[in-house]
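S.K.: Take a look at this one; I'll ask things after.
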């Protein structure tokens, strides 16, 4: 998918890209979604093999996103630890809590499952879903800026792997000054390092 440059407002362009890519993902049939997800999982496993087991952050699947839980559960058996982001009560950065398949969960204000309790932890690698991602590694989520605010204050910053479906790959997302690119993109078609 290529977006033509116009005199249009970049925020309006970004909103249109987000909407089109989200609609494309949500329109995948169950069979297509399962097939593409299996390929994403294979490619993601290949990418993660190059790292020593550490703490891996991932996101609970939302609106047809890739579901990393089966792969993360396998990685737990290989010595990895896993954590999930938690949206706090203020619009500032998120924090992370450890996750295991038996972790007590609750639905946050966005309806996304989140660990109900636990200490704050720092991930080594973050699997970051995208609605759209461009040729330079800039991504579009849902527009609230949670991950950009969070990554901006993390020191050291984890390695960030954008994970999602190829229908979300675009030429440009018209990045803004506050946007932070991912280090790597994984889709069903392969792995791209930036």
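What follows draws every value from the coordinates through simple rules; no lab data is involved. Everything numeric in this text was worked out from a predicted model, so none of it was measured. Don't worry about glycine lacking a Cβ; one is built from the backbone with ideal geometry, like all the others, and counts go over all protein chains shown.
S.K.: As an exercise: evaluate residue 191 against (1) loosely packed, with under 14 Cβ neighbours inside 10 Å; (2) in a loop (DSSP other than H, G, I, E, B) and give the number of the one condition it does not meet.
M.R.: It fails just one condition, (2).
S.K.: For region 156-188, how many residues are part of a loop (DSSP other than H, G, I, E, B) and within 21 Å of residue 122 (Cβ to Cβ)?
M.R.: Residues flagged as part of a loop (DSSP other than H, G, I, E, B) and within 21 Å of residue 122 (Cβ to Cβ) within region 156-188 amount to 7.
S.K.: Answer yes if at least one residue in region 52-64 is over 24 Å from residue 148 (Cβ atoms), surrounded by fewer than 17 Cβ atoms within 10 Å (Cβ to Cβ) and within 16 Å of the chain's Cα centre (by Cα), and no otherwise.
M.R.: Scanning region 52-64 turns up no residue that is over 24 Å from residue 148 (Cβ atoms), surrounded by fewer than 17 Cβ atoms within 10 Å (Cβ to Cβ) and within 16 Å of the chain's Cα centre (by Cα).
S.K.: In region 118-140, which residues are surrounded by 13 or more Cβ atoms within 10 Å (Cβ to Cβ) and free of Cβ contacts under 8 Å to residues at least 24 places away in the same chain?
M.R.: 118 - this is the single residue of region 118-140 that is surrounded by 13 or more Cβ atoms within 10 Å (Cβ to Cβ) and free of Cβ contacts under 8 Å to residues at least 24 places away in the same chain.
S.K.: Among the residues that make up region 142-155, is at least one of them touching a residue at least 12 places away in the same chain (Cβ under 8 Å), part of a strand (DSSP E or B) and either surrounded by fewer than 19 Cβ atoms within 10 Å (Cβ to Cβ) or within 17 Å of the chain's Cα centre (by Cα) (or both)?
M.R.: The answer is no; no qualifying residue exists.
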